[in-house]
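Below: the structure, in structure tokens.
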Amino acid sequence: MSQPATKQRILDAAEQLFAEGGFHHTSLRAITTKAGVNLAAVNYHFGNKEALVEAIFERRLCPLNTARRQQLDAVRDRARAEGRAPGIEEILRAFIEPTLAFRDAGPGARAFISLVGRALSEPDGVVRGTFIHHMQPLFAYLLELTRVALPQLSPQRTFWRLFFALSAIGHTICLLDKPLPWPPGVTPLQDSEALLAEILPFLTAGMEVKE
């Protein structure tokens, strides 16, 4: 087996097991067993579990954030060319659309989404810290654009509204594939376009409420 193939097998196995059982409850032995490799291969490619988490986020989140940044740049540039401020709906759309496209990319992407859900909801500083480290620059840029779009809001209120919006997006996407007790007449929004059509007006309205 080639070194790139071995590395990918380890990442795939670790990603799934971390998503299912959490970082601290997943042993390197479990990862090597699932990946069909020995411990020396993990040590050679990554060194330890913390470095393995970092590699998982670099593999998944860095390309996703690049796509988000490109769409946000396009919103900013289009608004400048038209002599106006960017709209909050187009800003949110630029952030959400790549996220939903990533979710639809396959089972590995959905395992990563579950891992992010764990990072945000469980007392696991390693995974959460890695996630925040990779998200902080993009969040700062997103907040900057949001302040331009909503100049009537105070910096405090702009921050918290954006925080609430991103939390709603993340929570919703993490729960979509979970078996929930849907009430009669309600079905999960598995289709990305249908989800976007529901969540985007809701978030936009919340962001635009006057102080």
Original post:
Looking at this structure, is Ala165 aliphatic (A, V, I, L, M), more than 29 Å from Leu52 (Cα to Cα), assigned to a helix (DSSP H, G or I) and at pLDDT 90 or above?
Top reply: yes
Original post:
Any chance region 112-133 includes a residue that's open to solvent by 20 Å² or more (accessible area, probe 1.4 Å) and over 24 Å from Glu20 (Cα atoms)?
Top reply: no
Original post:
Does region 115-132 contain at least one residue that is under 23 Å from Asp73 (Cβ atoms) and in contact (Cβ under 8 Å) with a residue 40 or more places away in the chain?
Top reply: yes
Original post:
For region 170-211, how many residues meet the condition of being within 22 Å of Ser121 (Cβ to Cβ) and in a helix (DSSP H, G or I)?
Top reply: 11
**OP:** For Lys7, work out the one condition from (1) within 15 Å of the chain's Cα centre (by Cα); (2) assigned to a helix (DSSP H, G or I) it doesn't fulfil.
**Re:** (1)
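Residues checked against (1) within 19 Å of Leu142 (Cβ to Cβ); (2) exposed (fewer than 11 other Cβ atoms within 10 Å of the Cβ); (3) at pLDDT below 95:
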| site | (1), (2), (3) |
| --- | --- |
| Phe159 | yes, no, no |
| Ile169 | yes, no, yes |
| Leu180 | no, yes, yes |
| Pro188 | no, no, yes |
Original post:
Taking Ile56, is it touching a helix residue (DSSP H, G or I) at 6+ places or on another chain (Cβ under 6 Å), closer than 22 Å to Pro151 by Cβ and aliphatic (A, V, I, L, M)?
Top reply: no
Original post:
Does Phe139 qualify as being out of contact with any His (no Cβ under 9 Å at 6 or more places or on another chain), surrounded by 13 or more Cβ atoms within 10 Å (Cβ to Cβ) and not β-branched (Val, Ile, Thr)?
Top reply: yes
Original post:
Within region 17-108, which helices (runs of 4 or more DSSP H) (wholly inside it) include 1 or more residues that are free of Cβ contacts under 8 Å to residues at least 24 places away in the same chain, open to solvent by 40 Å² or more (accessible area, probe 1.4 Å) and of a type in the set (A, V, I, L, M)?
Top reply: 28-35, 39-45, 49-81
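The values are calculated or read from the model by the stated rules, or taken from the named source; none is laboratory data. Since we're looking at a predicted model, the values are computed, not measured. Note: ideal-geometry Cβ built from the backbone for every residue, glycine included; neighbour counts use all protein chains shown. We work out accessible area using only protein heavy atoms, side chains counted, and drop any ligands, DNA or RNA first. Shrake-Rupley method; radii C 1.70, N 1.55, O 1.52, S 1.80 Å.
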